[in-house]
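Taking it in order: structure first as structure tokens, then the write-up.
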Amino acid sequence: ANGKPPMPTAPVAAEREVRHFELDVATAGPGLAFEPGDVVAVQPWNRPEDVEAFARELGLDPEAWVTLAPSAASEEPAPPPICGAGPVRVRELLERQLDFMATPRRGLFELLPFFCSDPQLKERLEEFASLEGRADLYSYCQGPGRSYFEVFRDFPSARPPLEYLLDIIPTLQPRYYSISSGPSASPGRIHITVAMVDYVSKTRIRRFGVCTSFLHRAAEAASSFELAGSESSNGSLVLTSGSSAAAWPAVAIWVRPGSVRIPRPAASARRGTGAAIADLSPEELELMLQPPLVMIGPGTGLAPFRSFLQERAFIRQRLRQVGRDSSGAARSTQPSSDLLFFGCRHKTADYLYREELEAYEANGDLAGLFVAFSRDQARKVYVQDKIREAKDAVWRTLQTPGATVMICGSGERMPRDVRQALVDVGAAAGGLGPEGGEDWVKGLERQRRYLLDTWA
């Protein structure tokens, strides 16, 4: 590694930092093949400083050895431990297995009184575990988002043995990220576009995302990283399965189909690699540019659409290289019919992949790029406003057989507001009126031409 910190995809003045990571999967084999719209799961580890502090708080020796084995009393087979069955150090258990930074459920407070030696604290725990204490428990725990770690710190005389911690603290779960690269355009690499989690909780504790901080640490040990997506550069931040930091392990990842995935035509339904694209005929390549897409992705919701755009731009480039019709003349490549609606707060701070997106539009790989900057003027402007402004283009695109709406991003208000904007498109540009616009959108939904990938 060159010692520089990983750089965000947009200048650091952005209110929320977003980073571009690349996972080196060149030696991973065919099991990590993916299509545009797929997601990658990353299995994180806890922060080393949190592991040390948690072990110290509970009086655990991080270097002690314990043996993990299924409980004989368990009626159902337990999943294998993430850190492996058999002998393991307590440090590994805390790093890789126990999600002690998660917010506990009521079951913790039902168990802790049995291990609490302080009468007053024990009574408080019993109140939290009672039906009458549900409101107090919510105010103390779920409301402010207290972690297992914080609860143990608040109740210092409640110290269950380590074997009980395995039962009451959940297992670290993988985090899922939309893949933001095309499989043929970036062979051997999986790109992800990640909003870093770093905030002060309601309990005035600085909290870091388990997986985003894990990726950050992996990046610091990676072989290369540069600025990506800003106006000044289009480099990458690479996480390799090997590392210049000898102690750093491979990042455990796997791929699963995403919610905004469009199957390839039957003639070219092969898991996407550059080699597979190279084997396809011009006719098959042209099929892979269908159907037209109306992509709506504010913030990091842009990620899967960058995957589609990269892949389709690669296919058009391939067509220009090898496309010949039956007479031998160069085959004309039709420009894209795809539309992209992207939104962020400030043009100069968090316009992700700006140069790349504008190049797609300029090169004919994107029919329309519509960007909403919500904080750059007195009146807030969002993607739904841009959809209404471009109503004729949206309506015209969606009249093509199979044309599909894809929406990705925060699941709070955005999906509902975007849906209403599309109803308004049908009502105004399509001349259907409000009820007809609603029926039109419902028809897209029934035909699976209205795809959503949202999160809380």
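The values are calculated or read from the model by the stated rules, or taken from the named source; none is laboratory data. Keep in mind that what you see is a predicted model, and the values were worked out from it rather than measured. Here the Cβ is made from the backbone with ideal geometry for all residues, glycine too, and neighbour counts use every protein chain on show. When the accessible area is computed, the model is the full protein with side chains, heavy atoms only, and any ligands, DNA or RNA have been set aside. Shrake-Rupley method; radii C 1.70, N 1.55, O 1.52, S 1.80 Å.
Would you mind counting up the charge near Gly37? Only other residues with Cβ under 9 Å from its Cβ, with Lys and Arg at +1 and Asp and Glu at -1.
Numbers: positive: Arg261; negative: Glu35, Asp38, Asp453.
Here the charged neighbours net out to -2.
Starting from 0.36 nm per residue, how many nanometres of slack lie between Glu412 and Leu287 once their C-alpha separation is accounted for? Before the final figure, lay out the partial values.
Details: separation 125, 0.36 × 125 = 45.00 nm, distance 3.53 nm.
Extending this stretch completely gives an extra 41.5 nm.
Long-range amide H contacts for Leu23: which residues qualify at under 5 Å (H placed 1.01 Å from N, peptide plane, sequence gap of 5 or more or a different chain)?
Amide H to amide H, under 5 Å and 5 or more residues apart or across chains, Leu23 pairs with Ile190, His191, Ile192, Leu239.
Compute the accessible area per residue over the range 311-423, keeping the other protein chains in place, probe 1.4 Å, unit Å².
Values: 5350 Å² over 113 residues.
Value returned for the range 311-423: 47 Å² of accessible area per residue.
Ranked highest first by average number of other Cβ atoms within 10 Å, how do 295-305, 41-51 line up? Show your work: numbers first, answer last.
On the way: 295-305: 25.9, 41-51: 18.5.
Result, highest mean first: 295-305, 41-51.
³J(HN,Hα) across the range 58-66 via Karplus (A = 6.51, B = -1.76, C = 1.60, θ = phi - 60°), whole Hz, x for Gly/Pro?
9, x, 9, 8, x, 8, 5, 9, 10
Around Gly411, which amide H atoms from residues at least 5 apart in sequence, or from another chain, sit under 5 Å from its own amide H, with H modelled in the peptide plane?
For Gly411, whose amide H was placed from the backbone, the distant partners under 5 Å are Trp455, Ala456.
I'd like the Karplus ³J(HN,Hα) series for the range 411-419: coefficients 6.51, -1.76, 1.60, θ = phi - 60°, whole numbers in Hz, and an x wherever there's a Gly or Pro.
x, 6, 9, 4, x, 5, 5, 5, 4
On average, how much accessible surface per residue is there in the range 19-62, in Å², for a 1.4 Å probe, leaving out ligands, DNA and RNA? Numbers along the way, then the final one.
Numbers: 1560 Å² over 44 residues.
Accessible surface, normalised per residue, equals 35 Å².
Which lysines, if any, have their Cα less than 17 Å from the Cα of Lys380, not counting same-chain residues under 8 positions apart?
Correct list for Lys380: Lys347.
What is the distance, in nm, between label points placed 7 Å from the Cα along the Cα-to-Cβ direction at Arg206 and at Thr348?
2.8
Across the range 183-192, in residue order, what do the Karplus-derived ³J(HN,Hα) couplings come to in whole Hz, using 6.51 cos²θ - 1.76 cosθ + 1.60 with θ = phi - 60° and x for Gly and Pro?
x, 8, 6, 10, x, x, 9, 10, 8, 9
Sequence-distant or interchain residues sharing an amide H contact under 5 Å with Arg105, placed H: which?
Amide H neighbours of Arg105: none.
Could you order the peptides 349-361, 423-435 from most to least packed, using the average number of other C-beta atoms within 10 Å per residue?
Values: 349-361: 19.9, 423-435: 17.2.
In decreasing order of mean packing, 349-361, 423-435 become 349-361, 423-435.
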